[in-house]
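To keep things clear, I will list the structure first and then write my remarks on it.
The values are calculated or read from the model by the stated rules, or taken from the named source; none is laboratory data. All values derive from a computational prediction rather than experimental measurement. We place every Cβ from the backbone using ideal geometry, glycine too, and count neighbours over all the protein chains shown. In case anyone asks, the SASA skips ligands and DNA or RNA and just uses the protein heavy atoms, side chains included. Shrake-Rupley method; radii C 1.70, N 1.55, O 1.52, S 1.80 Å.
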Amino acid sequence: MSKRVQDIRFVDQRALTLVVDIAVLLEQSEKNKGTWLGSAFARSAATNAGLLLECVSNSCIGSLALPTRLLEELDKLPALSKLDYYLFSRTNKHIDRGCRETELAADVLKLRDHIVHPKLKPGSLAGVGEEQYVDYGATKALGIALDNREWTHEDGKKVADAATAFLSLYFLDWCGHDKGNATRVLVCRERDILQRELAMWVTMRRAERDLIQKWLPATLSFMDLRPSEREV
């Protein structure tokens with residue numbers, strides 16, 4: 001029985017937009033490497049990598065056929081806890097919190113929280129003479145300075161790599177998705193299809209796809225992104 005277009009329930013998906021933005025920001029950060037502008041692009045790329053993990057966790061929970069009340073309660077959980085719930089719902093297993101990829105992903109989320117939830121952070125003097133500066137510490141796993149004014153192109157790339165490497169491990173090895181089904185979870189906008197085991201792919205601008213290949217190659221292991229034959 002065919003469904004009328006007006007009866008389709010649509011959902012807004014944002015993960016792919018964030019992936020493209022991170023790749024673009026890293027490209028611009030490299031082009032402006034060593035300048036204040038390059039640092040600004042690096043900070044934005046790193047922040048978006050944290051947002052990507054949060055966005056993916058929401059997409060995973062949203063792909064489950066859960067009652068509204070439960071969805072509202074799950075929405076209050078941290079990103080890794082949402083991903084853990086989704087994984088357990090599929091496999092009866094939990095995220096390995098002790099593995100390197102998870103530790104790095106936790107640092108990515110910590111950096112995102114550090115930026116969007118500013119708190120008074122004590123610092124200590126370090127260095128000698130004209131090289132003296134205030135040290136606010138660094139994240140444990142990634143070793144990224146908590147003073148985001150110092151972030152470089154290399155820092156932005158390191159954070160983005162950590163996020164996408166974790167997602168590749170999570171979807172393919174832990175959840176047991178092929179990349180077609182992972183793509184469905186992250187990009188499908190029709191709710192009834194979203195909640196079915198169905199492989200999907202995305203056709204996108206070749207320039208966007210090329211930037212993802214250059215800067216976020218791990219993404220292509222769990223998302224089926226295909227270049228368009230016709231540029232738009």
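Exceeding 25 Å between C-alpha atoms, which entries from my cross-link table qualify? They are 93/158; 76/119; 110/179.
93/158; 110/179
Under the definition of Cα pairs under 8 Å and six or more residues apart, what whole-number percent is the relative contact order of the chain?
It rounds to 26 percent for the chain.
Points 7 angstrom from Cα along the Cβ direction at residue 128 and residue 197: gap in nanometres?
6.5
Going by the alpha-carbon gyration tensor, a ≥ b ≥ c the square roots of its eigenvalues, is the range 1-111 rounded (a/c under 1.5) or, if a/c is not under 1.5, prolate (a/b greater than b/c) versus oblate?
Cα axes put the range 1-111 in the oblate bin.
Which of 110, 119, 157 moves most in a GNM of the chain, Cα contacts under 10 Å?
Result for the chain, Cα springs under 10 Å: 119 fluctuates most.
Which aspartates and glutamates, if any, have their Cα less than 15 Å from the Cα of residue 33, not counting same-chain residues under 8 positions apart?
Partners found: 150, 154, 155.
Taking N as the number of residues in the chain, what value does Rg over Cα atoms divided by 2.2 N^0.38 Å take?
This ratio for the chain stands at 1.10.
For the pair residue 76 and residue 117, what calculated FRET efficiency results from E = 1/(1 + (r/R0)^6), where r is the Cβ-Cβ distance and R0 = 22 Å, to the nearest 0.05?
0.90
What whole-number value in Å² describes the accessible area per residue of the chain for a 1.4 Å probe?
55
Whenever you get a sec, compute what percent of the accessible area on the chain sits on carbon and sulfur atoms (1.4 Å probe).
Looking at the chain in its full context, I get 52 percent from C and S.
Tell me which of 68, 89, 143 sits at the most positive position along the dipole axis of the chain, charges placed on C-beta atoms (Lys, Arg +1; Asp, Glu -1).
Selected residue: 68.
What is the extension gain from residue 210 to residue 37, computed as 0.36 nm multiplied by their sequence separation minus the C-alpha to C-alpha distance, in nm to one decimal?
Length gained between residue 210 and residue 37: 60.0 nm.
Compute for the range 192-232: radius of gyration divided by Kirkwood radius, i.e. Rg/Rh, restricted to C-alpha atoms, rounded to two decimals.
Using only Cα positions, Rg/Rh for the range 192-232 is 1.06.
With a length cut of 30 Å (Cα positions projected on each helix's long axis) and a Kyte-Doolittle mean of at least -0.5, go through the chain and give me the DSSP H helices that pass.
The answer, listed by residue number, is 36-62.
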